[in-house]
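The structure's right below; bear with me while I get my questions together.
We did not get these values from a lab; they are worked out from the coordinates using the rules stated. Keep in mind the model is a prediction, meaning the values are calculated, not measured.
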Amino acid sequence: MRDLKALESLRGTSILVMVSGIYEDVLEPLARHLEAMEESEGLSLFLRTGGGDTTTAFNIVNLIKQYFKEFEIIIPTVAHSAGTLLTLGASRLVMAKQASLSPFDPSVRNDRINDGMNISWRDVSYFMSSARESFNLSISADPAQPLQALIENQVHPLLLGHAERTVSQIRTYAPLLLGNRHNRPAEEIIHHFLESNTHHNFRFYRDEVSRIGLNVVHPTKVEEKLILSIFEDISKELDLNNHENKRGHVKALIQSSKYGRSVCINTKEFEGWMDEDERFTKAKLLS
């Protein structure tokens with residue numbers, strides 16, 4: 001907490017730490033922290049996420065803006081996929097040297113369809129375009145032939161529709177997140193993240209993010225040291241390098257000096273978000 005307060009002093013803001021996937025259940029604990037921070041001069045969202053649900057990314061930005069007209073996002077390492085989408089709502093990005101964004105590549109899955117396989121919109125889009133070229137379809141040929149081939153090979157049409165609807169949502173609402181704060185038209189920025197020829201795992205580091213058109217700030221050496229120190233402590237606590245979903249393991253964290261800590265845990269007795277004080281109280285009752 002000492003490093004967090006030191007970074008708050010340097011940035012001149014209140015810092016809200018969020019190390020979590022971007023899913024709907026994060027909104028309630030996030031709101032509790034924002035309520036406690038409402039009187040603050042400004043907000044820095046300290047964000048580390050591998051992604052999640054695109055609709056929730058929009059909802060997080062809209063929730064924050066009920067309390068703060070503008071906010072910045074501090075990125076220690078990764079803000080990928082839906083996390084990159086979330087960053088479009090910030091007035092500026094404070095990115096450490098190793099920090100990165102990623103392409104938008106909406107994927108959908110259903111455990112009862114296609115054996116739970118993720119369906120990537122980019123993969124579908126590239127297949128459709130390359131298939132039309134390789135099939136050399138004539139004017140008289142059926143333009144739906146590549147799509148039919150996908151469906152016949154057990155890619156469920158409802159999943160394809162869901163992926164396309166997600167992309168349509170990004171094209172509609174992402175320009176609203178960007179506004180006119182940046183030095184390139186919103187449509188060009190979105191096109192770069194959504195349709196540039198990059199793989200899902202491609203990383204856009206801060207110089208490239210700046211060239212794309214987002215407002216990127218390089219932290220000072222002192223700020224960067226504090227950012228990485230805060231993240232290292234959280235990374236050890238959450239064991240972020242271990243991808244097993246261990247019972248009893250703290251899976252995600254929201255923290256602020258104004259409210260305290262909220263954690264997402266998974267035990268035999270409880271799974272979900274709770275404030276840390278409540279967590280320790282329950283642990284004592286169960287012991």
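Report the dimensions of the stretch 20-70 along its three principal axes from the alpha-carbon atoms, largest first, rounded to Å.
Principal axes ranked by extent give 30, 18, 16 Å for the Cα atoms.
Taking H placed 1.01 Å from N in the peptide plane, check which residues at least 5 places from V94 or on another chain put their amide H under 5 Å from its amide H.
Sorted by chain and number, the residues that satisfy this are I73, I74, I75, V217.
A follow-up question, please. Can you list residues whose amide H is under 5 Å from L43's amide H, if they're 5+ apart or on another chain and H is modeled 1.01 Å from N?
Correct list: S14, E72.
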